[in-house]
């Protein structure tokens with residue numbers, strides 16, 4: 001089974017390499033080949049470390065409160081965070097230094113994984129959100145390194161795909177020491193795939209437990225973005241191709257009521273910023289990149305977020321938030337971040353990757369589903385016109401999400417029980 005998987009992975013890497021090389025040439029995206037092959041020039045740590053893997057930006061942000069908790073629980077334990085993407089790496093370096101160092105996750109080939117493990121010297125391995133790498137998990141198990149899936153979830157698509165190879169999945173899951181799953185449904189699914197029930201625990205969602213924003217953050221962001229102190233602002237976060245048009249149509253309609261309304265538009269993938277600027281230009285709308293601010297901003301210019309790791313804090317200045325990946329059938333993105341900041345949240349009908357979070361917000365009234373540009377524009381105008389309604393919805397959503405707190409503590413308890421029971425506290 002492992003030989004077949006490794007051969008399939010080699011084929012996939014061979015086909016993907018020209019694409020990655022093209023991105024390196026056209027967009028300047030680093031390949032990080034040496035480190036992905038376990039050949040990075042990192043100094044071997046003198047003591048075993050806690051290894052946390054977070055594939056990209058979203059998982060890295062979710063890992064933040066867990067890393068803070070690990071530092072408090074085990075102050076003498078060095079921490080390493082690995083990512084796959086360059087944007088994830090940038091966020092880790094900017095946000096977590098000196099809390100943790102960064103590595104690129106090795107390609108999941110046996111010899112590569114062995115070299116990476118030799119270099120990292122893990123005391124334990126925590127993998128965020130059900131990133132399953134068979135050769136890595138097998139190698140860690142063979143060395144007696146305990147492993148954990150933290151904040152685990154299984155989307156409808158992943159569950160259907162894994163069920164087709166349930167026999168193989170059972171072997172892979174057998175190498176995991178403990179599973180901390182977001183919901184009872186996620187727990188049921190991982191057990192159905194072959195995980196031992198006694199090693200599966202519902203911990204809740206780490207994304208419902210944010211780190212506090214710095215004092216004065218809202219005033220600072222207004223200055224950085226060139227916004228007036230009381231200027232109305234709405235944010236469209238984590239948008240995908242096909243959603244920006246709906247957002248701009250809604251914005252154009254809302255400007256009829258509030259000509260000074262500002263829009264911060266944050267495409268999910270920073271490499272799409274040029275494409276988004278083209279959409280704005282085609283509609284005759286002025287735009288400015290966030291990285292060009294706080295230089296002079298043309299009045300009414302849409303602010304396009306081209307930086308990484310700022311969106312969650314920016315939600316704090318919004319009057320209304322729309323979370324993308326939901327008008328198109330992509331499964332949605334994290335709507336808990338704006339809700340925890342007391343903001344009314346709008347999102348489309350396609351939220352199967354965040355089903356529980358969307359349900360909590362809709363049931364509380366803190367979130368509303370919009371199915372197209374017309375409904376998005378209507379809800380936006382309704383909320384902007386009624387400050388009391390915004391406050392009620394924002395408070396309801398924040399209280400509902402706050403009631404879900406406890407995931408960090410539950411995850412740390414599992415680490416203490418299964419991964420690092422004799423750690424230096």
Regarding residue 119, is this residue in a helix (DSSP H, G or I), crowded, with 18+ Cβ neighbours inside 10 Å, at pLDDT below 95 and touching a strand residue (DSSP E or B) at 6+ places or on another chain (Cβ under 7 Å)? no
Those helices (runs of 4 or more DSSP H) completely within the range 348-410 that have 2 or more residues that are within 24 Å of residue 202 (Cα to Cα) are 355-364, 387-402
Would you call residue 309 under 22 Å from the mean Cα position of the chain (by Cα), within 27 Å of residue 90 (Cβ to Cβ), assigned by TED's automatic domain parsing to the domain that holds residue 347 and not in a strand (DSSP E or B)? yes
Selection status of residue 247, farther than 22 Å from residue 60 by Cβ and assigned to a helix (DSSP H, G or I): yes
Matching option when the condition is on the phi > 0 side of the Ramachandran plot and without any contact (Cβ under 8 Å) to a residue 12 or more places away in the chain, among 216, 226: 216
Selection within the range 67-86 - in contact (Cβ under 8 Å) with a residue 24 or more places away in the chain, assigned to a helix (DSSP H, G or I) and surrounded by fewer than 24 Cβ atoms within 10 Å (Cβ to Cβ): 67, 68, 69, 71, 73, 86
Can you tell me how many residues within the range 24-60 are in a helix (DSSP H, G or I), modelled with pLDDT under 70 and under 21 Å from residue 103 (Cα atoms)? 1
Quick test for you: out of 342, 348, 316, pick the one residue that is within 30 Å of residue 185 (Cβ to Cβ) and surrounded by fewer than 22 Cβ atoms within 10 Å (Cβ to Cβ). 342
Among the residues that make up the range 102-116, is at least one of them within 20 Å of residue 194 (Cβ to Cβ) and more than 18 Å from the chain's Cα centre (by Cα)? yes
Residues of the range 187-202 being over 18 Å from residue 418 (Cβ atoms) and either buried (at least 17 other Cβ atoms within 10 Å of the Cβ) or in the same structural domain as residue 331 (by TED's automatic domain parsing) (or both), in sequence order, are 189, 193
Checking the conditions here, which among 228, 215, 187, 168 is modelled with pLDDT under 95 and out of contact with any helix residue (DSSP H, G or I) (no Cβ under 8 Å at 6 or more places or on another chain)? 215
Filter the range 277-306 for residues that are over 17 Å from residue 222 (Cβ atoms), in a strand (DSSP E or B) and within 25 Å of the chain's Cα centre (by Cα) and give the result. 289, 304
Can we say residue 325 is in contact (Cβ under 8 Å) with a residue 60 or more places away in the chain, touching a strand residue (DSSP E or B) at 6+ places or on another chain (Cβ under 8 Å) and assigned to a loop (DSSP other than H, G, I, E, B)? yes
For residue 398, state whether it is within 21 Å of the chain's Cα centre (by Cα) and not assigned by TED's automatic domain parsing to the domain that holds residue 64. yes
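Each row is one residue, and each column tells you yes or no for (1) surrounded by 19 or more Cβ atoms within 10 Å (Cβ to Cβ); (2) assigned by TED's automatic domain parsing to the domain that holds residue 59; (3) under 21 Å from residue 353 (Cα atoms).
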residue	(1), (2), (3)
259	no, no, no
286	no, no, no
293	no, no, no
320	yes, no, no
331	no, no, yes
So for the range 98-107 (the condition being buried (at least 18 other Cβ atoms within 10 Å of the Cβ) and either modelled with pLDDT under 90 or assigned to a helix (DSSP H, G or I) (or both)), does at least one residue qualify? no
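The values are calculated or read from the model by the stated rules, or taken from the named source; none is laboratory data. The structure presented is a predicted model; accordingly, all values stated were derived computationally and were not measured. We place every Cβ from the backbone using ideal geometry, glycine too, and count neighbours over all the protein chains shown.
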